[in-house]
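Undergrad: Dumping the structure here so I can ask a few things about it.
The values are calculated or read from the model by the stated rules, or taken from the named source; none is laboratory data. Because the structure is predicted, anything quoted here is derived from the model rather than measured. Positions of Cβ are backbone-derived with ideal geometry, glycine not excepted, and every protein chain shown enters the neighbour counts. Please note that ligands, DNA and RNA were not included when accessible areas were found on the heavy atoms of the full protein model with its side chains. Shrake-Rupley method; radii C 1.70, N 1.55, O 1.52, S 1.80 Å.
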Amino acid sequence: KVEPYLERCVRSILCQTYQNLEIILVDDGSPDRCGEMCDAFAKEDARIRVLHKENGGLSDARNAGLDAMQGELVGFVDGDDWIYPEFYDALYRNLITFDADLAEGGIVKMFDSGETEEQNAFTEPTCFAGQNGLEAYLVDDKIPSYACTKLFCARLFEGLRFPVGVAYEDLALLPRVFDRAERFVCVPENLYAYCLREDSICAVQGSKQTFGLFNAFAERYRFAKEKELNQGVIEICLAKACVFALRGVKRIPGKTEREKAYLLEIRHFLRIYRKEISRNPRIGKTEHRKIKLVRWVYPVFRIRYRKERV
């Protein structure tokens, strides 16, 4: 459903200064003209291949592209966004210069109002390596988790795919991708135009999106624990998961069967890891009280904190 934006997106890819591209357009069962537009683009440029599939969501579309791709490097562009002409050239040059497995740049947020906002904490190319790099990625908010701002060595995705049916799939999967990268480099260029539409997947914060955020951070905590990372990193990951657990319990109405399942899974997480939570110095006393209420007297929590912004 990105027909009004698709032409701009594809044209921005076709005019990249780095031209050695295999361009895979995935028509994820779109009910508008996106499918036929993709076919028209393929007739225009031999680098384009089109995949038509039943609607499966963003993750399923990305996975279809990963299954079909043949190159040594891979990047993702969402159909309602666009990229500056030097985007892949800049990422590729830094990937080669630093002998890295992954390169990422900043974004330019494009709002419906016409305002823009650049987001990048790096003023020069910065390389991270080994476990220190993985830990920096997990806890440093300067390193974003958007899949679309990055250029990956394709082998990093061998045996890995985006989780289907959940929101914020980037947050859930990318720690395992970063774990396989011996080095990654963050570059100062802001060359990805991230368009924030009011009706986009991320802008519509329903129960699925709220639960998706919790689920992603819970997965990041489990991953950090599985990898036996620095204790401080594990504590930070757990503290973040608890923040989004409380937000989920407050914001998910619990009226439908799916919403009830979401809430049950959140409460299950808080019970399973109750010992680790109780010993975590990065979780404040107020949050500890709220977590206990959620675990044992959930209706009381809903009544007491219904007007509080979590």
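Undergrad: Which ³J(HN,Hα) values, rounded to whole Hz and listed in residue order, are derived for the stretch 111-124 from phi using the Karplus coefficients 6.51, -1.76 and 1.60 in 6.51 cos²θ - 1.76 cosθ + 1.60 with θ = phi - 60°, glycine and proline given as x?
TA: Couplings: 8, 4, 6, x, 6, 10, 8, 7, 9, 6, 8, 10, 9, 8 Hz.
Undergrad: Okay, next question. Under 5 Å between amide hydrogens, which residues at least 5 positions from Tyr194 or on another chain qualify, with H placed 1.01 Å from N in the peptide plane?
TA: Val108, Lys109, Met110
Undergrad: Using the heavy atoms of the protein chains alone and a 1.4 angstrom probe, what is the accessible area of the stretch 51-105 per residue in square angstrom?
TA: Normalised by residue count, the accessible surface of the stretch 51-105 is 44 Å².
Undergrad: Sort the stretch 94-228 into rounded, prolate or oblate with this rule: let a ≥ b ≥ c be the square roots of the eigenvalues of the Cα gyration tensor; rounded if a/c is under 1.5, and if a/c is not under 1.5, prolate when a/b is larger than b/c, oblate otherwise.
TA: Oblate, since a/c reaches 1.5 and b/c is not below a/b.
Undergrad: Can you bin the stretch 1-123 into rounded, prolate or oblate? Criterion: square roots of the alpha carbon gyration tensor eigenvalues sorted a ≥ b ≥ c, rounded for a/c under 1.5, prolate for a/b above b/c, oblate for the rest.
TA: oblate
Undergrad: Quantify, in whole percent, the carbon and sulfur part of the accessible surface of the stretch 108-171 (1.4 Å probe; protein heavy atoms only).
TA: Answer for the stretch 108-171 is 46 percent, counting heavy atoms of protein chains only.
Undergrad: A further question on this structure: Given charges of +1 on the Cβ of Lys and Arg and -1 on the Cβ of Asp and Glu, with all other atoms neutral, how large is the dipole of the chain about its Cα centre, in debye to the nearest 20?
TA: It comes to approximately 2760 debye.
Undergrad: Right, next: Given H placed 1.01 Å from N in the peptide plane, which residues other than close sequence neighbours of Lys150 have an amide H under 5 Å from its amide H?
TA: Amide H neighbours of Lys150: Phe76.
Undergrad: Could you calculate the FRET efficiency of Ser113 with Leu14 from 1/(1 + (r/R0)^6), where r is the beta carbon distance between them and R0 is 30 Å, rounded to 0.05?
TA: Result of the calculation: an efficiency of 0.60.
Undergrad: As a test of the formula, what do you get for the chain when each DSSP H run with n ≥ 4 contributes -39,500 (n - 2.57) and the sum is divided by the residue count, at 222 nm and rounded to the nearest 500 deg cm²/dmol?
TA: It lands at -15000 deg cm²/dmol.
Undergrad: Between Ala154 and Val243, take the C-beta separation as r, use R0 = 30 Å, and let me know the FRET efficiency to the nearest 0.05.
TA: 0.30
Undergrad: Still on this structure, I have one more. Leaving ligands, DNA and RNA out of it, report the carbon-plus-sulfur percent of the accessible area of the stretch 232-275 at a 1.4 Å probe.
TA: 55 percent
Undergrad: Using alpha-carbon pairs under 8 Å, 6+ residues apart, how would you state the relative contact order of the chain in percent?
TA: Computed over the chain, the figure is 17 percent.
Undergrad: DSSP loop trypsin sites (Lys or Arg not before Pro) in the stretch 10-68 with at most 16 other Cβ atoms within 10 Å of their Cβ, which ones?
TA: Here the sparse-neighbourhood loop sites are Arg33, Arg47.
Undergrad: In degrees, nearest 10, range 0 to 90: what is the angle between the Cα axis of helix 285-296 and the longest Cα principal axis of the chain?
TA: For helix 285-296, the angle is close to 80 degrees.
Undergrad: Given Cβ point charges of +1 (Lys, Arg) and -1 (Asp, Glu) and nothing else, what value in debye, to the nearest 20, does the dipole of the stretch 1-118 about its Cα centre take?
TA: The dipole of the stretch 1-118 has a size of about 300 debye.
Undergrad: Would you please give the FRET efficiency between Arg222 and Ser278, computed as 1/(1 + (r/R0)^6) with r the Cβ-Cβ distance and R0 = 30 Å, to the nearest 0.05?
TA: E between Arg222 and Ser278, to the nearest 0.05, is 0.95.
Undergrad: Using a/c under 1.5 as the rounded threshold, could you call the stretch 61-147 rounded, prolate or oblate? The axes a ≥ b ≥ c are square roots of the C-alpha gyration tensor eigenvalues, and prolate needs a/b larger than b/c, oblate otherwise.
TA: Note, shape of the stretch 61-147 comes out oblate.
Undergrad: Further, regarding this structure: Please turn the phi angles of the stretch 154-164 into ³J(HN,Hα) values with the Karplus equation 6.51 cos²θ - 1.76 cosθ + 1.60 (θ = phi - 60°), one per residue in order, whole Hz, x for glycine and proline.
TA: Values per residue, Gly and Pro as x: 4, 4, 5, 9, 4, x, 10, 9, 5, x, 8 Hz.
Undergrad: Which ³J(HN,Hα) values, rounded to whole Hz and listed in residue order, are derived for the stretch 256-262 from phi using the Karplus coefficients 6.51, -1.76 and 1.60 in 6.51 cos²θ - 1.76 cosθ + 1.60 with θ = phi - 60°, glycine and proline given as x?
TA: Computed from phi, the couplings for the stretch 256-262 are 8, 5, 5, 5, 5, 5, 4 Hz.
Undergrad: Just for the chain, what percent of DSSP beta bridges are antiparallel, to the closest 5?
TA: 50 percent
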